[in-house]
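To keep things clear, I will list the structure first and then write my remarks on it.
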Amino acid sequence: MIVTYEGADITEEVTLERCVYEACEIGRAPWLSIEFIDNAGLWDRWNPQHGDRVTVIEPGIAAPGTMYVDRLEPQSGGYALHATALPSPDLRAVREWRDTTLLTVAGQLAGVLGLGFEAHGCADMAIAYARQNNECAAAVLTRLAFAAGCTIDVYDGAMHLCAREWVDSRPTDAALVLGDESDYSYAHKALFASCSIEQPASTAAPGLSEATGGGEPRLAVVLDGNIAFPGSSELKRACAGVLASENAKRSVGYVRGNALSPFSPGVACSVDCARTPSLAGSGIVTRVRNDFVEQTSKTWWRAT
């Protein structure tokens, strides 16, 4: 393992006591937590600051990319630091958008966070109104991605908005093997067969409700006024997006391993499970936690 800080290799200068990385396909930005003993007094001389760049590289493992320090805590004989993939802090703010689009708002919020922006397989979507209501940008991005049926990945200075269909159609990279001795679990709930969305009366298209599909169980969503769509066509697209987002949460599993996980969120994989053959098939990795010191991992996935 190689640890660099502000471009300098510090692997041999410190004694790592903790080094944990976690990333998921939507919501919280990837983070890195490091605790170490400062054998040579290196950090006091360097005067570490918020925003400093730190990377961790392990051969054969998906690299976390550049992370940016957002918390520093001196400890007896060492330091504890926490870093995220966001170059700029995700501060609470109030912003509003009217008569705009999904990609416009997502791109602007990525810029606020100091990130580049790329969309993958996402058809743009008209939005009548969106509001950042004294909350972090991540909350707005999560709300938009949920309505559009998309996932979000932040990696190495860029935010990637990915359509689930695009993610699910990518070629399989490797096998997620659940061995006989593996600690794993999988929960599967019945998928929603249909969805309806109702908007508040104060929005551009009050009271509209569109169903996608039929049968049971049925998902009913009432928007809270922080996002609104301009008419029945876009509301119907939002129904399809919400349905895809909710159904993706209803079939998910995890496996703990005594080795680092080679995967990153959004990667397609084949699932190999001799002990429970019903779990075998294709899947998408949704979340990864690697402990570089203990050489252990926890990998979450959903079936496709």
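A few comments on the model shown:
- Of all residues in region 209-258, exactly one satisfies the criterion of being under 21 Å from the mean Cα position of the chain (by Cα), surrounded by fewer than 16 Cβ atoms within 10 Å (Cβ to Cβ) and either among the acidic types (Asp, Glu) or in a loop (DSSP other than H, G, I, E, B) (or both), namely Arg250.
- First in region 1-12 and among the charged types (D, E, K, R), second anywhere and in a loop (DSSP other than H, G, I, E, B), Cβ under 8 Å, 6 or more apart: Glu6/Asp52
- Test: residue in region 53-61 that is farther than 16 Å from Glu6 by Cα and under 17 Å from the mean Cα position of the chain (by Cα): no
- Scanning region 259-278 for residues that are of a type in the set (Ser, Thr, Tyr) and either outside any helix (DSSP H, G or I) or in contact with a His (Cβ under 9 Å, 6 or more places away or on another chain) (or both) yields Ser261, Ser264, Ser270, Thr276.
- Scan region 269-288 for residues that are surrounded by 19 or more Cβ atoms within 10 Å (Cβ to Cβ) and touching an Asp or Glu at 6+ places or on another chain (Cβ under 6 Å) and the total you get is 1.
- Residues in region 147-184 that are charged (D, E, K, R), over 13 Å from His120 (Cα atoms) and touching a residue at least 12 places away in the same chain (Cβ under 8 Å): Asp156, Asp173, Asp180, Asp183.
- Residue in region 100-112 that is part of a loop (DSSP other than H, G, I, E, B), surrounded by 18 or more Cβ atoms within 10 Å (Cβ to Cβ) and either charged (D, E, K, R) or in contact with a strand residue (DSSP E or B) (Cβ under 9 Å, 6 or more places away or on another chain) (or both) present: no
- Within region 253-304, the set of residues being touching a residue at least 60 places away in the same chain (Cβ under 8 Å), closer than 22 Å to Val3 by Cα and among the hydrophobic types (A, V, I, L, M, F, W, C) comprises Leu260, Phe263, Val288, Phe292, Val293.
- Number of the condition not met by Asn258 [criteria: (1) closer than 30 Å to Val293 by Cα; (2) in contact with an Asp or Glu (Cβ under 7 Å, 6 or more places away or on another chain)]: (2)
- The set of residues in region 114-138 that are in a strand (DSSP E or B), charged (D, E, K, R) and more than 15 Å from the chain's Cα centre (by Cα) comprises Arg131, Glu135.
- In region 6-53, the residues that are of a type in the set (Lys, Arg) and over 30 Å from Ala268 (Cα atoms): Arg45
Values quoted throughout were computed directly from the atomic coordinates according to the rules given, and no laboratory measurement underlies them. The model shown is predicted, which means the values in this text are computed figures rather than measured ones. All Cβ positions, glycine included, derive from the backbone under ideal geometry; neighbour counts span all protein chains shown.
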